[in-house]
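Inspection log for the structure reproduced underneath, given as structure tokens.
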Amino acid sequence: MMETKIIKVDRDNPEAGIFEEAAKILREGGLVAFPTETVYGLGANGLDAAACKKIYEAKGRPSDNPLILTIGDISGLYPIVKCVTENAKKIIDAFWPGPITLVLPKADCVPLEVTGGLDTVAVRFPSNIIARELIKEAGIPVAAPSANSSGKPSPTRASHVEFDLSGKIDMIIDGGPADWGLESTILDVSGDKPVLLRPGAVTKEMIEEVVGEIDVDPAVYSKPSADIVPKAPGMKYKHYSPAAKVILVSGSRENVIKTINEKTAEDEAKGLKVGIMATTQTKDSYVSGSVLVVGDREKPETIGANLFKILRKFDFIGTDVVYSEVFDEDGEGAAIMNRLNKAAGFNYIRC
Ligand code: TXA
Ligand code: MG
């Protein structure tokens with residue numbers, strides 16, 4: 001075990017020189033977790049295979065799951081990709097810096113250990129000021145997967161990173177809660193027609209306004225199987241899940257409430273500890289179980305921002321089973337339901 005140093009940074013007013021030590025750790029092959037506008041990332045020198053190996057060890061991440069490289073300004077893109085396609089240029093103009101990651105043909109300097117053996121690389125230019133200043137100060141592309149233990153919900157607070165990775169990494173920069181709360185959109189723009197690999201804050205509709213019709217990897221909406229193998233290797237793993245068994249309950253609002261109340265009573269009679277993921281609109285309709293409010297149905301961004309925090313909380317209070325309401329899949333709802341489906345292993349009660 002190593003000692004993990006935690007530093008607090010005010011993102012509205014970062015002190016001069018505050019990133020010097022963290023940037024040095026990154027350049028010298030160490031690991032630093034830092035906030036982004038999506039979730040916290042676990043940073044390492046993205047051109048140093050040995051440093052990136054430490055990411056896999058700290059997270060317990062399968063080595064075929066490639067890392068995203070983050071850049072601190074646009075000039076950081078050109079050295080790490082072979083070319084910038086026309087579609088990539090349009091997306092960059094419209095959405096960077098921001099919560100969308102682009103898959104492009106990789107340059108030779110990017111180690112295959114970073115891309116899981118692929119000849120493409122995923123690149124992201126975060127808008128969070130702490131992330132940008134840190135990466136710029138480090139002066140290297142910074143590999144940054146989500147800073148959670150592999151398989152657990154992504155961290156949206158420094159305390160989540162501390163819980164999962166304390167003692168395994170050199171430093172955590174605490175810059176407050178992540179704004180969006182779900183990982184970035186991933187768009188493969190390496191070929192002629194862009195392919196959406198992971199839905200996020202930049203929605204399919206927003207992308208299509210800029211580049212026209214795109215394809216969606218079938219694994220975005222369906223349970224991975226022999227026929228449906230996700231193109232983003234990381235999407236094939238059971239992900240985002242708390243220790244409890246998560247079951248999604250869909251149907252009319254009255255039926256969902258009635259079914260969850262019945263199931264909760266049955267499970268509690270068996271001695272199980274039950275969690276219920278509710279909304280502002282429904283929280284008072286549940287008669288038993290540990291009811292946690294994930295957000296307001298009228299404001300889907302509140303659900304995105306809280307989803308992983310609430311899944312972690314169910315673990316913290318030690319639930320055996322969690323019943324969750326489901327949400328509309330349009331716009332940003334696509335990202336919310338993609339993560340929730342994975343957390344539940346596509347386990348549904350339809351009523
Ligand atoms: O919002 C985010 O993107 C966060 C913040 C910290 O930047 N990072 C993040 O990284 O979510 P991670 O490692 O948890 O997810 C990256 C996903 C994985 O599913 C991985 O398989 C996929 O991106 N990926 C990486 N490189 C790829 C490539 N060349 N082709 C296809 N998918 C790729
Ligand atoms: Mg992740």
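Here are a few things to note about the model shown:
- Highest-fluctuation residue, G251, G175, G46 considered, GNM on the chain with Cα pairs under 10 Å: G251
- Exposed-site-free run, longest, the chain (rule: trypsin sites (Lys or Arg not before Pro); DSSP loop; at most 12 other C-beta within 10 Å): 1-237
- Seen against the Cα atoms of the chain and their longest principal axis, helix 253-269 is set at about 80 degrees.
- Of A335, A122, A244, the one that fluctuates the most in a GNM where the chain has Cα springs shorter than 10 Å: A244
- Counting DSSP beta bridges with both ends in segment 208-351, the antiparallel % (nearest 5): 5
- Kirkwood analysis of segment 5-79, using all unique Cα-Cα pairs, places the hydrodynamic radius at 13.8 Å.
- Ordered by the count of other Cβ atoms within 10 Å of each Cβ, fewest first, I129, I91 give I129, I91.
- Antiparallel content of DSSP bridges confined to the chain, in %, to 5: 35
- Loop-located GluC sites (Glu not before Pro) in segment 28-116 whose Cβ has at most 14 other Cβ within 10 Å (DSSP): E28
- If both residues of a DSSP beta bridge must be in segment 78-223, then about 60% of such bridges are antiparallel.
- Rounded, prolate or oblate (a/c below 1.5 giving rounded, otherwise prolate when a/b exceeds b/c) for segment 307-351 by Cα gyration tensor: oblate
- Cα gyration tensor of segment 151-266 - equivalent ellipsoid semi-axes, whole Å, descending: 28, 26, 16
- Partner lysines whose Cα lies under 16 Å from the Cα of K223, excluding those fewer than 8 positions away in the same chain, are identified as K231, K236, K238, K342.
- Between helix 49-59 and the chain: long-axis angle, C-alpha atoms, 0 to 90°, nearest 10: 10
- Largest first, the three principal axis extents of the alpha carbons in the chain are 58, 48, 38 Å in whole numbers.
- Inter-part distance where segment 271-288 and segment 207-239 are each reduced to a Cα centre, Å: 31
No lab work stands behind these numbers, since they all come straight from the coordinates. Model, not experiment: these values are computed from the prediction. So basically every Cβ, Gly included, is an ideal-geometry build from the backbone, and we count neighbours across all protein chains shown.
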